[in-house]
Amino acid sequence: MRTEKIAVLIAIIAISLIGIRPKNVPAWVWAGAGVIALLGLGLESLRLAFDAVLTQWNVLLFILGLMGISAAAEYSGLFEWIASALLERASGSRKLLFVNLFIAGSVMTIFFSNDATAIVFTPIIFRTVAKRGIDALPYLYACTFVADTASFGLPFSNPTNLLVLPRPNFIPFLLHLGPPMLISLVINLAVFLLMFRTRLRGHYVVEPTRAIERRQRYTLAAMVAVAAAYVVALALRWPLGPVAVIGALFVLVAGKVYPREASQRIGWSTFPLLAGLFVLLDAVSRSGFTTWAISGLHRMAHEGPLATILAAAFGSALAANLFNNLPIAVISGTVVSHGSESWLAYPLIAGVDLGPNLTTTGSLATILWLSILRSRGLTINPLEYLRLGLTVVPAMLMVTSLWLWLTG
């Protein structure tokens, strides 16, 4: 077996174990084991491994900032208040509550990233829904799906977007991917309401929402200011990582949250997991995978723009479920930077963001969501997750591809 194939095999095995997590071994351990195997077999040098991680400094800082913002907002009680308000506005209807939570999750993802939705919104939904005797699983599925479905319309809605386009132009990005993202959300919500219609019947006892506290108001205002800062940074072509970290400090001060308190709610194990994934990706990329992807897209170009867009969107979606979307986003960024058609970034982003709705290992947000549920004793059937994904992902990718073709 060629060494390149061995590197790809090690990456696939490591990423599969990250999703399966036998005996609840932390996900970062399997990523680290894959890196050690690559280093031990001489398939990756220590220098290349360090370079693979350091190259992604902007994304790592961006994720750290997002986690800091989420931790500050959670500690201030802002998200608890939002969940309580949504419960009251649903007037006791489980179906209307589902719609409200889906919309709230969409807004949170669009402006504060899919990882924030997975990390913070998931446990809050579980607490607020389950304690009222409601079947929490449909709401939890909505939480993880909306975290990916709503994440490709704006550059800062998903860290993977910055891996494909490190410094995107905000207006073209919004015009190309904003409308299909909204259509995809409608498709996702409509299909889930149909599939979960039996489990969403019934009512619950409505409890009045307490008045929002001053520090929660200040926290919300600070988060809105950070979202506005993202737009300004994109207009000035600044990297978003430092902006996110500074924004996190701003939210901490506004919410009167001590850094030590926030640090206790940051998932620090996420960073060795990311580092491991980036190194695994580097080995896969140098095995010829990137060259193969570029040549494949060039071949599809002879079939016309629509065929190329479909190949980019569906190909990156399938690859994201095989290798995780973070590595595929980096490869997609390499494809875009080496190609003459920069517009290919948009279908690649759509595939990288929407594709992970097929499996529980496709994205970092889904892996974090799964870890949170496991810590609360909930088991997710991968086949049921796949069945849900197959009902929405192909339709959403097709709609997005057609939009990109019509507007291209």
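The values are calculated or read from the model by the stated rules, or taken from the named source; none is laboratory data. Everything numeric in this text was worked out from a predicted model, so none of it was measured. Note that we place each Cβ from the backbone using ideal geometry, even for glycine, and neighbour counts take in every protein chain shown.
Within segment 372-390, residues that are over 12 Å from Asn357 (Cα atoms) and of a type outside the set (A, V, I, L, M, F, W, C) sit with their Cβ atoms under 8 Å from residues that are at pLDDT 80 or above and in a helix (DSSP H, G or I), at 6+ positions apart or across chains, in these pairs: Arg376/Pro123; Arg376/Phe126; Thr379/Leu373.
Residues of segment 191-211 that are of a type in the set (A, V, I, L, M, F, W, C), surrounded by 14 or more Cβ atoms within 10 Å (Cβ to Cβ) and under 29 Å from the mean Cα position of the chain (by Cα): Val191, Phe192, Leu193, Met195, Phe196, Leu200.
Within segment 111-133, the set of residues being surrounded by 24 or more Cβ atoms within 10 Å (Cβ to Cβ) and outside any helix (DSSP H, G or I) comprises Ser113 only.
Taking Ser91 as the residue in question, decide whether it is at pLDDT below 90 and among the polar types (S, T, N, Q). Here the answer is no, as Ser91 does not meet what is asked.
Restricting the first member to segment 247-274 and to residues that are under 25 Å from Trp28 (Cβ atoms) and charged (D, E, K, R), and the second to residues that are surrounded by fewer than 22 Cβ atoms within 10 Å (Cβ to Cβ) and modelled with pLDDT under 95, the beta-carbon pairs closer than 9 Å and six or more apart or on different chains are Glu261/Tyr75; Arg265/Tyr75.
Looking at Leu404, is it touching a residue at least 40 places away in the same chain (Cβ under 8 Å) and under 30 Å from Ser269 (Cβ atoms)? Spell out how you get there, then give the answer.
Numbers: touching a residue at least 40 places away in the same chain (Cβ under 8 Å): yes; under 30 Å from Ser269 (Cβ atoms): no.
Judged against the criteria, Leu404 is not a match.
From the residues in segment 240-254 that are farther than 25 Å from Glu80 by Cα and in contact with a Leu (Cβ under 8 Å, 6 or more places away or on another chain), which one is surrounded by the most Cβ atoms within 10 Å (Cβ to Cβ)? Checking each candidate, the answer is Leu240. Among the residues of segment 51-58, is any touching a Leu at 6+ places or on another chain (Cβ under 9 Å), surrounded by fewer than 22 Cβ atoms within 10 Å (Cβ to Cβ), within 30 Å of Tyr218 (Cβ to Cβ) and not aliphatic (A, V, I, L, M)? Yes, because at least one residue in segment 51-58 is touching a Leu at 6+ places or on another chain (Cβ under 9 Å), surrounded by fewer than 22 Cβ atoms within 10 Å (Cβ to Cβ), within 30 Å of Tyr218 (Cβ to Cβ) and not aliphatic (A, V, I, L, M). Those residues that are outside any helix (DSSP H, G or I) and over 16 Å from Ala317 (Cα atoms), I need them from segment 350-377; list them, please. Residues satisfying the conditions are Arg376, Gly377.
Within segment 279-296, does at least one residue satisfy the condition of being modelled with pLDDT of 85 or more, assigned to a helix (DSSP H, G or I) and among the aromatic types (Phe, Trp, Tyr)? Looking through segment 279-296, none of the residues is modelled with pLDDT of 85 or more, assigned to a helix (DSSP H, G or I) and among the aromatic types (Phe, Trp, Tyr). If you take the residues of segment 337-365 that are over 13 Å from the mean Cα position of the chain (by Cα) and modelled with pLDDT under 85, which of them is surrounded by the most Cβ atoms within 10 Å (Cβ to Cβ)? Only one residue fits best here, namely Trp343. Where helices (runs of 4 or more DSSP H) fall wholly inside segment 1-98, the ranges with 1 or more residues that are over 19 Å from the mean Cα position of the chain (by Cα) and without any contact (Cβ under 8 Å) to a residue 12 or more places away in the chain are 3-20, 27-40, 46-54, 78-89. Taking every residue in segment 105-120 that is of a type in the set (Gly, Ala, Ser) and pairing it with any residue that is part of a loop (DSSP other than H, G, I, E, B), at least 6 positions away or on another chain, the pairs with Cβ-Cβ distances below 8 Å are Gly105/Ala150; Ser106/Ala150; Ser113/Ser151; Ser113/Asn158. Residue-level check: of (1) crowded, with 19+ Cβ neighbours inside 10 Å; (2) modelled with pLDDT under 90, Gly65 misses just (2). If you go through segment 394-403 one residue at a time, do you hit one that is of a type in the set (S, T, N, Q), part of a helix (DSSP H, G or I), crowded, with 24+ Cβ neighbours inside 10 Å and modelled with pLDDT under 95? No; the residues of segment 394-403 include none that is of a type in the set (S, T, N, Q), part of a helix (DSSP H, G or I), crowded, with 24+ Cβ neighbours inside 10 Å and modelled with pLDDT under 95.
For (1) farther than 30 Å from Leu220 by Cβ; (2) buried (at least 23 other Cβ atoms within 10 Å of the Cβ); (3) out of contact with any helix residue (DSSP H, G or I) (no Cβ under 7 Å at 6 or more places or on another chain); (4) hydroxyl-bearing (Ser, Thr, Tyr), each residue gets a yes or a no:
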| site | (1), (2), (3), (4) |
| --- | --- |
| Ala7 | yes, yes, no, no |
| Leu17 | yes, no, no, no |
| Arg21 | yes, no, no, no |
| Val25 | yes, no, yes, no |
| Ala72 | no, yes, no, no |
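The numbered conditions (1) surrounded by fewer than 22 Cβ atoms within 10 Å (Cβ to Cβ); (2) at pLDDT 90 or above; (3) under 22 Å from Pro272 (Cβ atoms) are all true for Ser375 except (2).
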